[in-house]
Amino acid sequence: MEIPRCPLPPFTEETAAEKVRMAEDGWNSRDPGRVSLAYTPDSEWRNRAEFFTGRQAIVDFLTAKWQREQDYRLVKELWAFHENRIAVRFAYEWQNSGNWFRSYGNENWEFDERGLMRRRIASINDLHISEEERLFRWDGNARPADHPGLSELGL
(Lines give C-alpha, C1' and ligand atoms only; values in the text may rest on other atoms or scores of the structure.)
Protein backbone atom coordinates (compact mmCIF):
# COMPACT_ATOMS: atom_id res chain seq x y z
CA MET A 1 0.00 0.00 0.00
CA GLU A 2 1.30 3.41 -0.98
CA ILE A 3 1.87 6.01 1.73
CA PRO A 4 -0.39 9.04 1.19
CA ARG A 5 1.35 12.17 -0.15
CA CYS A 6 -0.34 15.07 1.60
CA PRO A 7 -1.97 17.35 0.85
CA LEU A 8 -4.77 15.17 -0.46
CA PRO A 9 -7.59 16.03 -2.84
CA PRO A 10 -10.00 17.67 -3.00
CA PHE A 11 -7.68 20.67 -3.11
CA THR A 12 -8.20 24.18 -1.80
CA GLU A 13 -6.21 27.10 -3.18
CA GLU A 14 -3.81 26.77 -0.24
CA THR A 15 -3.31 22.99 -0.56
CA ALA A 16 -3.01 23.17 -4.36
CA ALA A 17 -0.29 25.84 -4.03
CA GLU A 18 1.44 23.65 -1.43
CA LYS A 19 1.33 20.66 -3.79
CA VAL A 20 2.83 22.78 -6.59
CA ARG A 21 5.71 23.97 -4.39
CA MET A 22 6.37 20.40 -3.22
CA ALA A 23 6.56 19.29 -6.86
CA GLU A 24 8.92 22.17 -7.68
CA ASP A 25 11.20 21.28 -4.78
CA GLY A 26 11.19 17.62 -5.79
CA TRP A 27 12.12 18.35 -9.41
CA ASN A 28 14.81 20.83 -8.32
CA SER A 29 16.43 18.01 -6.33
CA ARG A 30 17.20 16.37 -9.69
CA ASP A 31 16.79 12.99 -7.95
CA PRO A 32 14.75 10.78 -10.31
CA GLY A 33 14.03 8.15 -7.65
CA ARG A 34 12.73 10.72 -5.19
CA VAL A 35 10.63 12.47 -7.83
CA SER A 36 9.09 9.19 -9.06
CA LEU A 37 7.61 8.48 -5.62
CA ALA A 38 5.15 11.37 -6.05
CA TYR A 39 3.49 9.41 -8.89
CA THR A 40 1.35 6.28 -8.91
CA PRO A 41 3.16 3.08 -9.97
CA ASP A 42 1.16 3.19 -13.25
CA SER A 43 1.26 6.97 -13.74
CA GLU A 44 0.61 8.07 -17.33
CA TRP A 45 2.79 10.82 -18.80
CA ARG A 46 2.88 12.93 -21.89
CA ASN A 47 5.97 15.11 -21.91
CA ARG A 48 6.21 17.11 -25.13
CA ALA A 49 5.72 14.35 -27.74
CA GLU A 50 6.83 11.46 -25.48
CA PHE A 51 4.26 9.11 -23.96
CA PHE A 52 5.10 6.60 -21.25
CA THR A 53 3.69 4.83 -18.20
CA GLY A 54 5.04 3.83 -14.81
CA ARG A 55 7.63 4.81 -12.24
CA GLN A 56 10.58 3.08 -13.89
CA ALA A 57 9.83 4.94 -17.13
CA ILE A 58 9.69 8.18 -15.10
CA VAL A 59 13.09 7.43 -13.51
CA ASP A 60 14.58 6.60 -16.92
CA PHE A 61 13.13 9.74 -18.49
CA LEU A 62 14.30 12.05 -15.70
CA THR A 63 17.76 10.47 -15.55
CA ALA A 64 18.29 11.19 -19.25
CA LYS A 65 16.70 14.65 -18.95
CA TRP A 66 19.01 15.82 -16.17
CA GLN A 67 22.09 14.40 -17.86
CA ARG A 68 21.24 16.54 -20.89
CA GLU A 69 19.77 19.58 -19.06
CA GLN A 70 22.58 20.63 -16.74
CA ASP A 71 22.36 23.33 -14.04
CA TYR A 72 18.57 22.84 -14.08
CA ARG A 73 16.54 25.40 -12.06
CA LEU A 74 12.72 25.26 -12.07
CA VAL A 75 9.94 27.59 -10.91
CA LYS A 76 6.30 26.40 -10.91
CA GLU A 77 3.17 28.46 -10.31
CA LEU A 78 -0.40 27.39 -9.62
CA TRP A 79 -2.70 28.27 -12.51
CA ALA A 80 -5.98 26.55 -11.58
CA PHE A 81 -7.37 23.67 -9.52
CA HIS A 82 -10.57 21.67 -9.09
CA GLU A 83 -11.19 18.67 -6.85
CA ASN A 84 -8.32 16.26 -7.73
CA ARG A 85 -6.81 18.26 -10.60
CA ILE A 86 -4.21 21.01 -10.69
CA ALA A 87 -2.95 23.08 -13.63
CA VAL A 88 0.44 24.76 -13.38
CA ARG A 89 2.63 26.93 -15.50
CA PHE A 90 6.37 26.74 -15.18
CA ALA A 91 9.71 27.90 -16.48
CA TYR A 92 13.10 26.32 -16.03
CA GLU A 93 16.60 27.23 -17.08
CA TRP A 94 19.33 24.83 -18.06
CA GLN A 95 22.46 24.60 -20.15
CA ASN A 96 24.17 22.07 -22.32
CA SER A 97 27.77 22.66 -23.40
CA GLY A 98 27.50 26.32 -22.39
CA ASN A 99 24.34 26.98 -24.41
CA TRP A 100 21.61 28.31 -22.08
CA PHE A 101 17.88 27.79 -22.47
CA ARG A 102 14.69 28.79 -20.71
CA SER A 103 11.91 26.28 -21.17
CA TYR A 104 8.32 27.42 -20.67
CA GLY A 105 5.34 25.19 -20.21
CA ASN A 106 2.04 24.14 -18.77
CA GLU A 107 1.15 20.94 -16.96
CA ASN A 108 -2.15 19.30 -16.15
CA TRP A 109 -2.08 16.98 -13.17
CA GLU A 110 -4.61 14.45 -11.92
CA PHE A 111 -4.25 12.84 -8.48
CA ASP A 112 -5.60 9.70 -6.87
CA GLU A 113 -7.20 9.71 -3.42
CA ARG A 114 -3.76 9.18 -1.77
CA GLY A 115 -2.35 12.37 -3.27
CA LEU A 116 -0.21 10.55 -5.84
CA MET A 117 -0.19 11.93 -9.37
CA ARG A 118 -1.74 9.43 -11.77
CA ARG A 119 -1.59 11.58 -14.90
CA ARG A 120 0.82 14.32 -16.02
CA ILE A 121 0.37 16.12 -19.33
CA ALA A 122 3.12 18.64 -20.15
CA SER A 123 3.51 21.04 -23.06
CA ILE A 124 6.91 22.74 -23.25
CA ASN A 125 8.72 25.22 -25.50
CA ASP A 126 12.42 26.11 -25.39
CA LEU A 127 13.99 29.52 -25.84
CA HIS A 128 17.73 29.99 -26.34
CA ILE A 129 18.99 32.64 -23.90
CA SER A 130 22.36 34.15 -23.11
CA GLU A 131 24.03 33.46 -19.77
CA GLU A 132 23.37 37.11 -18.87
CA GLU A 133 19.61 36.65 -19.43
CA ARG A 134 19.34 33.95 -16.77
CA LEU A 135 16.91 34.72 -13.93
CA PHE A 136 17.13 31.57 -11.81
CA ARG A 137 20.45 31.94 -9.99
CA TRP A 138 20.23 30.32 -6.58
CA ASP A 139 22.66 28.01 -4.83
CA GLY A 140 21.57 24.53 -3.88
CA ASN A 141 18.56 22.66 -5.12
CA ALA A 142 15.42 24.28 -3.69
CA ARG A 143 14.38 27.78 -4.77
CA PRO A 144 14.79 30.06 -1.76
CA ALA A 145 11.55 31.29 -0.18
CA ASP A 146 12.44 34.91 -1.01
CA HIS A 147 13.24 34.22 -4.68
CA PRO A 148 10.59 35.76 -6.95
CA GLY A 149 8.08 33.53 -8.69
CA LEU A 150 7.06 33.60 -12.33
CA SER A 151 4.53 36.42 -11.99
CA GLU A 152 6.98 38.60 -10.05
CA LEU A 153 9.61 38.00 -12.73
CA GLY A 154 7.22 38.92 -15.54
CA LEU A 155 7.34 35.42 -16.99
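The values are calculated or read from the model by the stated rules, or taken from the named source; none is laboratory data. Remember, predicted model here, so these are calculated numbers, not experimental data. So basically every Cβ, Gly included, is an ideal-geometry build from the backbone, and we count neighbours across all protein chains shown. Ligands, DNA and RNA are excluded from the accessible area calculation, which covers all protein heavy atoms including side chains. Shrake-Rupley method; radii C 1.70, N 1.55, O 1.52, S 1.80 Å.
Mind checking the angle between helix 55-68 and the chain's longest principal axis? C-alpha axes, 0 to 90 degrees, to the nearest 10.
With both axes taken from Cα atoms, the answer is about 10 degrees.
Whole number in Å², please: accessible area per residue of region 39-82, 1.4 Å probe, ligands, DNA and RNA not counted.
Per residue, region 39-82 has 53 Å² of solvent-accessible surface.
Output ³J(HN,Hα) for region 89-103: one whole-Hz value per residue in order, computed from phi by the Karplus curve 6.51 cos²θ - 1.76 cosθ + 1.60 with θ = phi - 60°, and x for Gly and Pro.
Coupling constants for region 89-103: 10, 8, 9, 9, 10, 7, 9, 9, 6, x, 8, 9, 9, 10, 9 Hz.
How large is ³J(HN,Hα), in whole Hz, for each residue of region 76-84 in order, when computed from phi with the Karplus curve 6.51 cos²θ - 1.76 cosθ + 1.60 and θ = phi - 60°, using x for Gly and Pro?
10, 9, 4, 10, 7, 7, 6, 6, 10
What are the extents of the Cα atoms of region 1-109 along their three principal axes, listed from largest to smallest and rounded to whole Å?
That gives 43, 28, 24 Å along the principal axes, largest extent first.
Helix 13-29 against the longest principal axis of the chain: what's the angle in degrees, Cα atoms only, rounded to the nearest 10?
60 degrees
Taking the Cα centre of region 55-112 as origin, sum charge times position over the Cβ atoms of Lys and Arg (+1) and Asp and Glu (-1), and report the length of that vector in debye to the nearest 20.
For this selection, approximately 180 debye.
Can you give the FRET efficiency to the nearest 0.05 for His147 and Arg48, using r as the Cβ-Cβ distance and R₀ = 25 Å?
Result of the calculation: an efficiency of 0.40.
Give me the percent of the accessible area of the chain that comes from carbon and sulfur atoms, probe 1.4 Å, all protein chains in place.
Here it works out to 51 percent.
Taking amide H positions as placed in the peptide plane 1.01 Å from N, state which residues far from Ile129 in sequence (5 or more) or on other chains have amide H under 5 Å from it.
Excluding prolines and chain starts, which carry no amide H, the hits are Trp100, Phe101, Arg102.
Counting only residues 5 or more places away or on other chains, whose amide H sits under 5 Å from the amide H of Arg118 once H atoms are built in the peptide plane?
Amide H neighbours of Arg118: Thr40, Glu110, Phe111, Asp112.
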